[in-house]
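A quick write-up on the structure given underneath.
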Amino acid sequence: MMASDVPMATTSSWSLGQRVAFRFGFLLAAFITLPFPFNLPPKMDWLGKQWNNLWDWGTSGLASLLGISDLVFEANGSGDRTVDYLQLLLIAIVAVVGTIVWSIADRRRRSYARLAAAALVVLRYSLAYTMLIYGIIKIAKSQFPDPLPGRLVEPVGDVSPMGLLWTFMSYSLPYTVFAGSLEAISGTLLLWRRTVTLGAVMAAAVMFNVVVLNFCYDVPVKLFAMQLVVMAVVIAAPRMRALIAVLLGRAAPEAPRRPRMSVRQERARLAAKTAMLALIAWGLYHQLAGNLRHNGRLNELQDAWLVDSFTLDGVERTSATDPERWQKIAVNQRGIWLVSMLGRREGLDQKIDPDKHEITVDLDDDDLDKDRPKNKDGKVDQEVWTYRRPTPDHLELDGVHRGKRFHATAHLAPPSLLMTRGFRWINEAPFNR
């Protein structure tokens with residue numbers, strides 16, 4: 001992973017504008033990509049946390065100057081929080097200040113050929129690492145697991161745009177693997193000098209599609225996805241003119257060969273590249289080991305159930321318009337959805353104990369019943385229900401929910417059309433329902 005891994009920029013004198021633009025771009029890229037690759041070695045996760053804490057501190061100060069309050073710093077899956085936009089603004093401000101200081105202190109230098117080459121190498125390894133992660137979690141069906149029962153009992157009109165996209169991707173394993181393979185292939189191509197241009201162009205195309213999806217389906221990873229597109233374009237830029245010429249059927253100059261160094265330097269370069277590839281492999285394993293999850297059933301109740309009878313505080317509820325009567329029960333891997341006769345859905349976290357035949361349900365703090373007994377922490381945040389399976393296709397639930405005792409019997413819902421229709425080579429007429 002040395003500067004000689006990529007075609008070295010021309011050593012001729014750069015214009016003032018080129019030098020200033022490079023300094024700003026270098027600092028901007030450094031602030032965005034760091035602490036990569038220093039956080040890849042084992043037990044170096046703390047470096048990333050400290051780096052993020054430093055930017056959080058600076059962003060908090062910038063927010064105070066701008067009169068912005070109530071920032072959300074906790075990680076919640078969104079990369080488009082107010083704090084993320086403010087942090088990007090702060091990075092740009094720091095990069096501008098750094099460019100000014102750098103330009104004054106290093107005003108006699110006429111070019112940054114070697115530094116530009118080295119920066120491009122680090123940038124492509126950083127992009128390759130990210131593309132490989134996103135590709136592998138798609139191929140392993142971790143990013144888009146099978147649609148869960150709770151999603152399948154939800155009316156399409158009640159699904160969020162992001163939920164619709166997630167269901168669309170989750171439904172088809174072949175398409176998800178196809179999308180993930182494109183990302184993983186582009187990431188792999190970026191690791192080698194001879195294929196870097198192809199990998200960068202491929203990554204730019206793949207990630208541009210992701211950007212469009214994120215905008216059209218309101219997926220809050222817009223900033224990060226756009227950054228990946230820009231990174232891919234920057235990596236491809238040195239050979240872009242030659243690539244366009246080839247596409248237009250014109251002659252293009254041969255890519256300059258990598259300058260050979262002394263035997264000792266070549267060995268050092270090879271050792272550095274091998275170490276970087278090993279670190280990337282370790283980083284991928286470390287990142288993915290905690291994210292790859294089993295895509296099958298995690299509990300014996302995981303399915304959609306249709307409620308046959310429902311009793312609340314000793315009174316059987318039979319009305320089809322009763323807002324308190326349950327119509328469906330959908331048990332996910334770690335959650336449970338209760339659907340009323342009027343279609344109201346209540347989602348709760350759950351943990352099932354198959355030995356005791358108990359379901360421990362977590363309640364949100366906003367829904368706590370002040371009249372119920374508190375736990376040792378002074379909160380009413382859990383309920384324990386019991387269940388039994390008279391037959392494999394039937395379920396009985398007993399417990400207290402929101403302060404009211406209930407008894408429910410249910411049977412397995414028939415498989416949904418979405419999950420059973422399947423693929424047809426021949427369709428005499430469109431099956432669009």
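Numbers for the structure displayed
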| item | result |
| --- | --- |
| Within the range 52-123, trypsin sites (Lys or Arg not before Pro) in DSSP loop having at most 15 other beta-carbon neighbours inside 10 Å | R107, R108, R109, R110 |
| 31 Å Cα-Cα threshold exceeded, pairs from K222/K328; K138/K356; K43/K356; K49/K356; K138/K351; K138/K404 | K222/K328; K138/K356; K43/K356; K49/K356; K138/K404 |
| E74-E316 FRET efficiency (beta carbon distance; Förster radius 41 Å; 0.05 resolution) | 0.40 |
| Over the chain: helical MRE at 222 nm, DSSP H runs n ≥ 4 each giving -39500 (n - 2.57), nearest 500 | -15000 deg cm²/dmol |
| ³J(HN,Hα), Karplus 6.51/-1.76/1.60, whole Hz, each residue of the range 77-90, x for Gly, Pro | x, 9, x, 10, 6, 4, 5, 5, 5, 5, 5, 5, 5, 4 |
| Folded to 0 to 90 degrees: helix 173-189 orientation relative to the chain principal axis, Cα | 20 |
| Within the chain, longest stretch clear of exposed GluC sites (Glu not before Pro) (DSSP loop, no more than 11 other Cβ within 10 Å) | 75-253 |
| Answer label for semi-axes √(5λ) of the Cα gyration tensor in Å (calculated), chosen among [x] 36, 22, 22; [y] 33, 29, 22; [z] 53, 27, 20 | [z] |
| Other-chain or far-sequence residues with amide H under 5 Å of S111's (modelled H) | W14 |
| Principal-axis tilt of helix 222-236 within the chain, Cα atoms, nearest 10 degrees | 30 |
| C-alpha long axis of helix 161-171 to longest principal axis of the chain, angle in ° | 90 |
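No lab work stands behind these numbers, since they all come straight from the coordinates. Please read these numbers as outputs of a predicted model, since none were measured by experiment. Heads up, the Cβs are rebuilt from the backbone with ideal geometry, glycines too, and the neighbour counts pull from every protein chain shown.
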